[in-house]
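The next block holds one structure in the form of structure tokens; read it before the comments.
The values are calculated or read from the model by the stated rules, or taken from the named source; none is laboratory data. Everything numeric here is computed off the predicted structure, so don't read it as measured data. Don't worry about glycine lacking a Cβ; one is built from the backbone with ideal geometry, like all the others, and counts go over all protein chains shown.
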């Protein structure tokens, strides 16, 4: 592959390449989440229903998931420079057009274009940087690179909320344009020229089977809770189509001489262990970012500014984790994996012990520990996964890396939200059943049925407590996910340190 040739650039050239790629990744990561907080205003401004406006997020996720696996073939076909430059430019133009979208249909289409243009940019940027540096420096490089990947989703919801409230939903896209311009200029000036090394034909059948399977599964996990999962014909059909297409893709890939994705790469034991940990890492990355803002707004009445500060504290923990690994990456990566996943277990367990009167300090320190754990996991996980393959395989492996990370995040968020909602309904029914008028210890009355005016505050409090129980169950699920991932660390073999 074109990216396989390790760059013989000097230190300044490598540094410039790293800076440009981190800026591009920050732009992509920020744009993904900054629009999410604007959905209520987009819904009102464009006269859409709640289900219709959700396609603004769904279209991006589906297009991104479909485009990610194509990174390897596109790099072979067009070269890494052309792919990352035109991908960044296309993403930036799509962002500008999103801000000018006249209706919901156009906005959804443009968000899908954002997803397609941005899909190969993130894994290819990572592959370029890792190929430019010797393996002995991969830990340090990954620490720096990880800041751009994870900090964007932390600060974007906070900034998006402020911008939307003060200037309207279009402002969140306009806000991204200066970063987009700098990213375009950076990649044009810095990305080294290369030539495509292979002109192999696209395995069209494999591409169609895999794209349909990924799109169906992404739609299923993103829309499942809104449509009541398998009670919905749509969700059942998406699941069935995804399973069939995935089966056809596997059979076709194992029998075709030049498959779209060569599944023989999964014969690499160390790579498979790394990818399983990547999926677990994705599951733990963003679930608290979805659960906590809703909990704090609905049950505690926190303003968006205070919620933004809490998310920033989690981001601070991530950043410190990355900075610490600039030095600590020289040690056995299994140590940091154990500390990182152990931090998620600790933070999840403590969050599962919250009550309705949870304090700001409790929220801050658990968020910090969770973020620190993410920072500890990201660096060794990247080094282990890429250390299991050759530089020629970096584009393919990094695309699978980010696909599993994002898909794992979508699955875990959907399951967490479903668990919180369903267990809160069950808890509401159980608590309400025990609060019968004939129980004087609870109602403080003998047999009289309370009036509507007396009952309403009690019903509201039952609802708040039931919702809190649902969130606590979701936090416990978060901790258990980290527990399940821990045994995989025992199967990790540190990559050989190649200069």
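What number of residues within segment 285-316 are under 18 Å from residue 409 (Cβ atoms) and buried (at least 17 other Cβ atoms within 10 Å of the Cβ)?
Total satisfying the criteria: 12.
Is it the case that segment 191-203 has a residue that's part of a helix (DSSP H, G or I) and either free of Cβ contacts under 8 Å to residues at least 40 places away in the same chain or crowded, with 17+ Cβ neighbours inside 10 Å (or both)?
For segment 191-203, residues part of a helix (DSSP H, G or I) and either free of Cβ contacts under 8 Å to residues at least 40 places away in the same chain or crowded, with 17+ Cβ neighbours inside 10 Å (or both): absent.
Please determine whether any residue of segment 177-186 is free of Cβ contacts under 8 Å to residues at least 40 places away in the same chain, over 21 Å from residue 395 (Cβ atoms) and not in a loop (DSSP other than H, G, I, E, B).
yes
Considering only segment 225-245, I want to know if a residue exists there that is under 29 Å from residue 392 (Cα atoms), in a helix (DSSP H, G or I) and within 27 Å of the chain's Cα centre (by Cα).
Scanning segment 225-245, I find at least one residue that is under 29 Å from residue 392 (Cα atoms), in a helix (DSSP H, G or I) and within 27 Å of the chain's Cα centre (by Cα), so the answer is yes.
Residue 209 is checked against (1) buried (at least 21 other Cβ atoms within 10 Å of the Cβ); (2) under 30 Å from residue 55 (Cβ atoms); (3) under 22 Å from the mean Cα position of the chain (by Cα) and fails just one. What number does that condition carry?
(3)
Given (1) modelled with pLDDT of 85 or more; (2) more than 23 Å from the chain's Cα centre (by Cα); (3) in a helix (DSSP H, G or I), where does residue 354 come up short, assuming only one miss?
Here residue 354 meets the rest and fails (3).
Which count do you get for residues in segment 71-107 that are under 27 Å from residue 54 (Cβ atoms) and surrounded by fewer than 21 Cβ atoms within 10 Å (Cβ to Cβ)?
12
Quick one: what pairs do we get from segment 96-107, first residue without any contact (Cβ under 8 Å) to a residue 60 or more places away in the chain, second part of a helix (DSSP H, G or I) and surrounded by fewer than 15 Cβ atoms within 10 Å (Cβ to Cβ), C-beta under 9 Å, 6+ apart or different chains?
97/106
Are any residues in segment 225-249 in contact (Cβ under 8 Å) with a residue 60 or more places away in the chain and more than 17 Å from residue 52 (Cβ to Cβ), and if so, which ones?
Result: 229, single match.
Among the residues of segment 172-181, write down those that are at pLDDT 85 or above and buried (at least 16 other Cβ atoms within 10 Å of the Cβ).
173, 174, 175, 176, 179, 180, listed by residue number.
Would you confirm whether or not segment 120-127 contains a residue that is touching a helix residue (DSSP H, G or I) at 6+ places or on another chain (Cβ under 7 Å) and free of Cβ contacts under 8 Å to residues at least 60 places away in the same chain? Working first, answer last.
Going through segment 120-127, the residues touching a helix residue (DSSP H, G or I) at 6+ places or on another chain (Cβ under 7 Å) turn out to be 120-127.
Then drop every residue that is not free of Cβ contacts under 8 Å to residues at least 60 places away in the same chain, which leaves none.
Within segment 120-127, not a single residue is touching a helix residue (DSSP H, G or I) at 6+ places or on another chain (Cβ under 7 Å) and free of Cβ contacts under 8 Å to residues at least 60 places away in the same chain.
Could you tell me whether any residue of segment 156-170 is over 25 Å from residue 404 (Cα atoms), surrounded by 17 or more Cβ atoms within 10 Å (Cβ to Cβ), in contact with a helix residue (DSSP H, G or I) (Cβ under 9 Å, 6 or more places away or on another chain) and at pLDDT 85 or above?
Yes, the conditions are met somewhere in segment 156-170.
Give, as residue ranges, the helices (runs of 4 or more DSSP H) completely inside segment 1-114 that count at least 2 residues that are at pLDDT 85 or above and within 23 Å of residue 149 (Cβ to Cβ).
Once the helices (runs of 4 or more DSSP H) in segment 1-114 are filtered for at least 2 residues that are at pLDDT 85 or above and within 23 Å of residue 149 (Cβ to Cβ), what remains is 11-34, 80-99.
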